[in-house]
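Enquirer: Below is the structure I would like to discuss, written out as structure tokens.
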Amino acid sequence: STMRERKTTDPVHSATDLSEGKEKLRLKQEVGLISGVSLIAGTMIGSGIFMSPEWVLHHMGNPASSLLIWAACGLLAMFGALSYAELGTIIKESGGEYIYILRIFGSFPAFLFAYTSVILVRPAGLAAVCLSFAEYAIAPFYPGCSSPQVAVKCTAAACILILTIINCLNVRLATSVMNIFTAAKLLALLVIVVGGLVLLAKGQTQSFQNGFQGTTAGIGAIGVAFYQGLWSYDGWNNLNYVTEELKKPEVTLPRALMIAIPLVTCLYLLVNVSYLAAMTPSELLSSGAVAVTWGDKVLGSWAWLISLSVALSTFGSSNGTFFSGGRVCYIAAREGHMPDILSMAHVRCFTPSPALLFTSAMSLIMIISGSFTSIVNFFSFMAWLFYGMTISGLLYLKIKKPELPRSYKVPIIIPIIVLMAAVYLVLAPIIDQPQIEILYIVLFIFSGIIFYVPLVRFKYHPRFLQRVTLHLQLLLEVAPTTKDVN
């Protein structure tokens with residue numbers, strides 16, 4: 001069938017076998033601690049730290065309060081990740097928020113998440129990162145003027161196609177690319193940090209004098225500043241999307257989070273201090289690309305290194321986003337909430353290639369139609385809506401089912417803080433400055449009912465889709481997979 005019925009039996013025994021039970025196809029466990037840290041840090045450190053500082057400063061009104069927002073965003077990401085670590089040790093399946101919502105709240109809300117995530121949220125996140133990669137990659141070819149939008153969008157599309165090939169070929173190749181690019185971007189951020197410390201040692205501290213003067217007090221402005229800051233931290237939950245591909249997930253998941261997120265938070269704060277040491281707040285606000293302006297001021301003739309570093313950083317981040325985003329599509333299809341073809345893996349490469357190809361296609365559509373800032377705000381609203389739902393699921397399990405086995409427990413106050421923050425981030429911009437786009441987003445989420453009722457609830461499977469699935473299986477050389485739940 002094209003849409004597979006959700007299985008209610010023990011997940012270990014609900015696998016689809018190949019060759020009448022003689023052979024099983026599954027994704028391999030190839031993500032260890034170093035690759036786990038790279039997946040989190042490598043996805044988090046992308047375009048945000050090079051694009052968002054000016055917007056956080058713009059909404060907050062002064063350097064000191066903008067630094068507080070960056071620190072608060074890091075703390076919130078850490079609390080969210082620790083909450084997800086406990087969920088990952090209770091529900092040891094890939095899929096992140098989708099699988100947690102499915103197991104705790106049931107089929108319908110999980111379908112709405114999958115529908116929204118697969119069609120909009122994940123492709124939008126990937127498109128935003130690839131657009132910023134393209135901006136920095138082609139900037140040196142257009143000195144003194146802004147790059148033409150056609151060139152930017154074509155470069156971003158080429159980036160997505162390259163990532164598709166890498167991720168479809170081999171999981172180990174994709175994680176190796178992640179490890180290499182994570183090392184490169186950490187080196188680039190260290191250059192900015194050291195440069196900033198040298199400037200501070202020389203006495204360039206004028207940006208920090210009267211640091212809190214002119215702070216914005218509106219709840220909506222603070223909410224939007226959080227959106228821009230949290231965009232830079234997005235990726236803290238990426239390891240939960242590939243739980244079944246982790247070596248010793250009960251150990252690797254919490255450890256990788258506790259290494260990666262504090263590391264990234266410290267780097268972000270130091271990089272922001274470095275920006276403010278090199279530029280006045282007004283210079284930072286007028287800069288289209290903060291890191292490049294910093295490079296021009298501090299590195300002089302070596303400023304091209306910053307453009308190259310940012311391009312490498314955003315490419316590595318888009319690889320991590322693509323790696324995890326394809327898994328949501330794959331897991332949702334395996335549970336019967338997406339067309340069956342998307343739940344299959346390549347018979348030789350052991351990668352979920354149909355799901356990756358679909359994610360790639362949706363991201364290309366986003367690139368054609370969207371811009372960076374609009375994508376970030378729309379992405380953040382939807383993301384925190386579902387983060388809040390997932391965290392409320394953890395609170396339900398902690399209160400109602402404390403007997404469930406778990407190798408890691410987070411203090412209950414932490415998910416409560418994350419849930420309160422999620423409610424604030426969803427409601428604050430709506431209350432302060434209602435926008436018609438928010439209504440469109442909510443309507444889109446609930447438009448999933450049109451597909452859920454016939455295809456999942458009543459299991460209507462059009463015959464022509466079954467034939468299309470068969471032909472695509474032969475064309476893409478893919479087969480159904482079995483779960484590998486640890």
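The values are calculated or read from the model by the stated rules, or taken from the named source; none is laboratory data. Since the model is a prediction, treat every value here as computed from it, not as a measurement. In this analysis, Cβ positions are derived from the backbone assuming ideal geometry, glycine residues included, and neighbour counts consider all displayed protein chains. Accessible surface is based on the protein model in full, side chains and every heavy atom, while ligands, DNA and RNA are left aside. Shrake-Rupley method; radii C 1.70, N 1.55, O 1.52, S 1.80 Å.
Enquirer: When ARG463 is evaluated against the numbered criteria (1) without any contact (Cβ under 8 Å) to a residue 12 or more places away in the chain; (2) surrounded by 13 or more Cβ atoms within 10 Å (Cβ to Cβ), which criterion, by number, is the only one it fails?
Expert: Of (1) without any contact (Cβ under 8 Å) to a residue 12 or more places away in the chain; (2) surrounded by 13 or more Cβ atoms within 10 Å (Cβ to Cβ), only one is false for ARG463: (2).
Enquirer: Still on this structure, please answer the following. Mind telling me which of the residues GLN209, GLN204 ends up being over 23 Å from the mean Cα position of the chain (by Cα) and either in contact (Cβ under 8 Å) with a residue 24 or more places away in the chain or over 25 Å from GLU54 (Cβ atoms) (or both)? Give the derivation first.
Expert: Numbers: GLN209 fails: either in contact (Cβ under 8 Å) with a residue 24 or more places away in the chain or over 25 Å from GLU54 (Cβ atoms) (or both).
Exactly one of GLN209, GLN204 is over 23 Å from the mean Cα position of the chain (by Cα) and either in contact (Cβ under 8 Å) with a residue 24 or more places away in the chain or over 25 Å from GLU54 (Cβ atoms) (or both), namely GLN204.
Enquirer: Which residue is modelled with the lowest pLDDT, if the candidates are limited to the range 66-100 and must be surrounded by 22 or more Cβ atoms within 10 Å (Cβ to Cβ) and within 14 Å of LEU284 (Cβ to Cβ)?
Expert: The residue in question is SER66.
Enquirer: Output the residues belonging to the range 261-319 that are modelled with pLDDT of 85 or more and among the small types (Gly, Ala, Ser).
Expert: The answer is SER274, ALA277, ALA278.
Enquirer: Look at the range 354-370 and say how many of its residues are at pLDDT below 85, assigned to a helix (DSSP H, G or I) and of a type in the set (Gly, Ala, Ser).
Expert: The number of residues fulfilling the criteria is 1.
Enquirer: So, one more: Any residue that is touching a Gly at 6+ places or on another chain (Cβ under 8 Å) and among the aromatic types (Phe, Trp, Tyr) - is there at least one of those in the range 202-223?
Expert: Looking for residues that are touching a Gly at 6+ places or on another chain (Cβ under 8 Å) and among the aromatic types (Phe, Trp, Tyr), one finds none in the range 202-223, hence no.
Enquirer: May I ask you to list the residues in the range 408-424 that are under 20 Å from VAL224 (Cβ atoms), in contact (Cβ under 8 Å) with a residue 40 or more places away in the chain and in contact with a Leu (Cβ under 9 Å, 6 or more places away or on another chain)?
Expert: VAL418, ALA421
Enquirer: Shifting gears a bit: Going through ALA110, ALA156, ALA134, ALA128 one at a time, which residue ends up being crowded, with 19+ Cβ neighbours inside 10 Å, more than 24 Å from VAL478 (Cα to Cα) and in contact with a His (Cβ under 8 Å, 6 or more places away or on another chain)? Talk me through it step by step, then tell me what you get.
Expert: On the way: ALA156 fails: in contact with a His (Cβ under 8 Å, 6 or more places away or on another chain); ALA134 fails: in contact with a His (Cβ under 8 Å, 6 or more places away or on another chain); ALA128 fails: in contact with a His (Cβ under 8 Å, 6 or more places away or on another chain).
The unique qualifying residue is ALA110.
Enquirer: Under 7 Å by Cβ, and 6 or more places apart or on different chains, what pairs join a residue from the range 32-44 that is open to solvent by 20 Å² or more (accessible area, probe 1.4 Å) with one that is part of a helix (DSSP H, G or I) and among the β-branched types (Val, Ile, Thr)?
Expert: LEU33/THR252; VAL37/ILE259
Enquirer: Taking THR182 as the residue in question, decide whether it is modelled with pLDDT under 85, surrounded by 13 or more Cβ atoms within 10 Å (Cβ to Cβ) and touching a helix residue (DSSP H, G or I) at 6+ places or on another chain (Cβ under 7 Å). Explain how you work it out, then say what you get.
Expert: Numbers: modelled with pLDDT under 85: yes; surrounded by 13 or more Cβ atoms within 10 Å (Cβ to Cβ): yes; touching a helix residue (DSSP H, G or I) at 6+ places or on another chain (Cβ under 7 Å): yes.
Here the answer is yes, as THR182 does meet what is asked.
Enquirer: Of the residues that make up the range 159-174, is at least one touching a strand residue (DSSP E or B) at 6+ places or on another chain (Cβ under 9 Å), assigned to a helix (DSSP H, G or I) and either open to solvent by less than 50 Å² (accessible area, probe 1.4 Å) or at positive phi (or both)?
Expert: Within the range 159-174 (the criterion being touching a strand residue (DSSP E or B) at 6+ places or on another chain (Cβ under 9 Å), assigned to a helix (DSSP H, G or I) and either open to solvent by less than 50 Å² (accessible area, probe 1.4 Å) or at positive phi (or both)), the answer is yes, since at least one residue qualifies.
Enquirer: What single numbered condition from (1) touching a Leu at 6+ places or on another chain (Cβ under 7 Å); (2) open to solvent by 20 Å² or more (accessible area, probe 1.4 Å) fails to hold for VAL150?
Expert: Every condition holds for VAL150 apart from (1).
Enquirer: Between a residue in the range 438-460 that is open to solvent by 70 Å² or more (accessible area, probe 1.4 Å) and any residue that is among the aliphatic types (A, V, I, L, M) and outside any helix (DSSP H, G or I), which pairs come within a Cβ distance under 8 Å, given they are 6 or more apart or on different chains?
Expert: LYS459/MET3
Enquirer: State which residue is modelled with the lowest pLDDT when the search covers only the range 185-204 and only residues that are loosely packed, with under 13 Cβ neighbours inside 10 Å and part of a loop (DSSP other than H, G, I, E, B).
Expert: GLY203
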